Number of protein chains: 2
Amino acid sequence: NQQVTVNYGKRGMTLEEALNVTNQYYIESDQAVIYKKPTPIQIVHVDYPKRSAARITEAYFRKASTTDYNGVFLGKYIDFEAKETTHPNYIPLKNFHEHQVLHMARIKRHGGIGFIIVRFTPTDEIYLLDASYLENRWNEAIQKSGRKSLPKTLFQEKGYLVPQNYLPRIDYLRVIKDVYF
Amino acid sequence: NQQVTVNYGKRGMTLEEALNVTNQYYIESDQAVIYKKPTPIQIVHVDYPKRSAARITEAYFRKASTTDYNGVFLGKYIDFEAKETTHPNYIPLKNFHEHQVLHMARIKRHGGIGFIIVRFTPTDEIYLLDASYLENRWNEAIQKSGRKSLPKTLFQEKGYLVPQNYLPRIDYLRVIKDVYF
Ligand SMILES: [Mg+2]
Ligand SMILES: [Mg+2]
């Protein structure tokens, strides 16, 4: 009913939750097999109590060396990173890590499809942008003291607005199919 | 020198360590981009001490819903699970999980390359076997009370012995290139 729809509507979900729901839908409808990788954890200490599950009692978050999402779609390798920005007109480059930029450049060199998905939260607009633009801006920022962010105009001119629906929530594969196939 | 070579030799490494070294070599020599996924962890409690890193103080291991390794090679999506068996002539099916078998079947249906890598530790032989054979045996074991293991003869007849060297340690992509391309 109406109330349930509202509760599960756009405003309550983070980008990650919405992408997980979307990927689950793609799997169940047999369109693609794409997953978020688990968060990398450095485990320091584990207890093994008798008659119950091993319990990690000391561990730390590690920085990811790759991107968050990968999988297969229409026989092609898919790899992307997803980020939200609270700024209406740009996303700071510091939201990405150098390892991730290098990883996406490798992916493209080996024939995979690499991109970023960015949600501008003030307007709830979600854009998809090929990883090559991130790589270019990253190198400019390092080598030539270029600007330290990706402007929204870059997404509008070189990227694609991703349709948002009830199911799939964030239909980024529709864009991928149009643009890369 | 000789001593160092021996220390880093075959006997000291688990299959996972040897595959990680291999994958690192493939990345550095720019042949492929394949990683082990992080172990999935269920985080229950995190401390955020002042002036130091967030510390996870209660967490548990979760069962993986997919396989351990994936990536891209020559434009194709690669996905596999690696296991060791201490039995000289078979590996029990219980070393795999149903989720993993279903996952590999999906991967193949969507045009990816899905396989298992199994090391028979008594002889230190490593075989690569297409995921379809695991799927068939799995279904037979469930539906027709077939045997609950994969015999080594299956690997010898339908799989491929993987060459082991110093670098790359476990050259499974050489097999993949011969068999799938
Ligand atoms: Mg991330
Ligand atoms: Mg495993």
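For segment B:19-100, what D do you get in µm² per second when you plug the Kirkwood radius from alpha-carbon pairs into Stokes-Einstein at 10 °C and 1.306 mPa s? Diffusion coefficient, whole number: 100 µm²/s. Among the listed pairs A:36/A:148; B:76/B:144; A:36/A:108, which are separated by more than 30 Å between their Cα atoms? In this structure, B:76/B:144 lie more than 30 Å apart at Cα. Across identical copies of the chain, residue A:50 has label-point separations of 4.3 nm, listed in ascending order, with the point defined 7 angstrom from Cα along Cα→Cβ. Each 10 Å bin from 0 upward holds the following percent of the Cα-Cα pairs of the protein assembly as shown: 5, 21, 29, 27, 14, 5, 0, 0. Over chain B, Cα pairs under 8 Å with separation of 6+ residues give a relative contact order of 18 percent. Based on alpha-carbon atoms, the Kirkwood radius and the radius of gyration of segment A:15-54 give Rg/Rh equal to 1.25. Diffusion of segment A:79-181 by Stokes-Einstein, at 10 °C in a medium of 1.306 mPa s and with Rh set to the Kirkwood radius over alpha-carbon pairs, works out to 114 µm²/s. Restricting the trypsin sites (Lys or Arg not before Pro) of segment B:56-159 to loop positions (DSSP other than H, G, I, E, B) with no more than 14 neighbouring Cβ atoms within 10 Å leaves B:62, B:63, B:144, B:147, B:148.
Phi-derived couplings, Karplus 6.51 cos²θ - 1.76 cosθ + 1.60 at θ = phi - 60°, listed residue by residue for segment A:70-83: 7, x, 10, 9, 6, x, 9, 6, 10, 8, 8, 10, 10, 9 Hz, with x used for Gly and Pro. Residues whose amide H falls under 5 Å from that of residue B:146, counting only those 5 or more places apart or on a different chain, are B:141, with hydrogens built in the peptide plane. Take the accessible area of B alone and of A alone, subtract that of the pair with a 1.4 Å probe, and the total buried over both chains is about 3100 Å².
Once backbone amide H atoms are built at 1.01 Å from N, residue A:84 has A:119 as its partners under 5 Å, excluding neighbours fewer than 5 places away on the same chain. The residues of the protein assembly as shown present an accessible area of 52 Å² per residue when probed at 1.4 Å with all protein chains retained.
Using only alpha carbons, chain A has a radius of gyration to Kirkwood radius ratio (Rg to Rh) of 1.02. Interface residues of segment B:83-117, defined as those losing at least 50 Å² of solvent-accessible heavy-atom surface relative to the isolated chain (probe radius 1.4 Å), are listed as B:106, B:110. Computed from backbone phi with θ = phi - 60° and the Karplus coefficients 6.51, -1.76 and 1.60, the 3J(HN,Hα) list for segment A:111-126 is x, x, 9, x, 7, 10, 10, 10, 9, 8, 5, x, 10, 6, 9, 10 Hz; x is used for glycine and proline. Database remark: amide H of residue B:125 closer than 5 angstrom to the amide H of B:120 (H placed geometrically; neighbours at sequence offset of 5 or more, or on other chains; Pro and chain starts carry no H).
Here the accessible area is traced with a 1.4 Å probe on the protein chains. For segment A:1-134, carbon and sulfur cover 49 percent of it. Each 5 Å bin from 0 upward holds the following percent of the Cα-Cα pairs of segment B:41-81: 6, 18, 14, 13, 11, 12, 12, 10, 5, 1.
The values are calculated or read from the model by the stated rules, or taken from the named source; none is laboratory data. Quick caveat, the model's predicted, so the values are computed rather than measured. Cβ sites come from the backbone with ideal geometry, for glycine too, and all protein chains shown count toward neighbours. With ligands, DNA and RNA removed, areas are computed over all heavy atoms of the protein, side chains included. Shrake-Rupley method; radii C 1.70, N 1.55, O 1.52, S 1.80 Å.
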